[in-house]
């Protein structure tokens with residue numbers, strides 16, 4: 001039996017449904033801009049695990065911060081990184097942490113409780129299927145700003161078992177400011193927590 005072509009009413013309903021779905025999804029998926037471009041400047045340092053000590057490099061970035069540290073983490077189990085953030089806060093650095101909600105719901109094995117116990121502000125990103133950023137922004141306003149990013153999660157496995165990379169970009173404060181602005185957009189959508197375990 002030959003297939004019937006949809007009539008005008010069916011086509012109109014299908015088009016309306018598609019437009020309604022597009023309007024619903026638009027806020028989450030429509031990019032505001034293609035990208036940002038800025039002049040290259042400053043110094044670049046890179047580490048590859050397991051060959052290089054990437055955790056030590058991240059601890060160096062945290063230790064060099066004087067005014068502010070914004071963090072985004074997907075998985076966060078490294079006690080050394082958590083303790084370094086706590087120490088930074090104790091010396092007067094404004095430390096704030098964003099973490100993926102699904103990966104950080106449980107207390108067991110997680111480093112976030114160490115931050116929460118020390119009064120470090122922590123918020124969970126709930127809007128995305130995965131909040132997959134791995135990021136440290138130190139002193140974005142300068143003069144000695146730094147951005148650390150790459151594939152490296154804040155975990156033992158990232159240093160000792162995985163093939164990962166960390167890239168530290170120093171003294172390019174326009175770049176650090178762009179990362180900080182994006183961090184602030186994510187923070188505005190995140191859910192502050194005071195303890196783990198956490199349930200949505």
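Every number here is computed from the coordinates shown, using simple stated rules; none is lab data. Values in this document were obtained by computation on a predicted structure and should not be read as measured data. Please note: Cβ atoms are built from the backbone with ideal geometry, for glycine as well, and neighbour counts cover all protein chains shown.
At a Förster distance of 25 Å, what's the computed FRET efficiency of residue 87 paired with residue 156, Cβ-Cβ distance as r, to 0.05? Spell out each step's value before the answer.
Details: r = 19 Å, r/R0 = 0.78.
Once the sixth-power term is evaluated, E becomes 0.80.
Taking 35 Å as R0, compute the FRET efficiency from the Cβ-Cβ separation of residue 188 and residue 56 and round it to 0.05.
Working: r = 33 Å, r/R0 = 0.93.
With R0 = 35 Å, the Cβ-Cβ based efficiency is 0.60.
For an R0 of 22 angstrom, estimate the FRET efficiency from the Cβ-Cβ distance between residue 37 and residue 128 and round to the nearest 0.05. Intermediate values should be presented prior to the final figure.
Values: r = 25 Å, r/R0 = 1.13.
Once the sixth-power term is evaluated, E becomes 0.30.
Give me the one-decimal nm value for the distance between modelled label points at residue 105 and residue 199, 7 Å along each residue's Cα-to-Cβ direction.
1.0 nm
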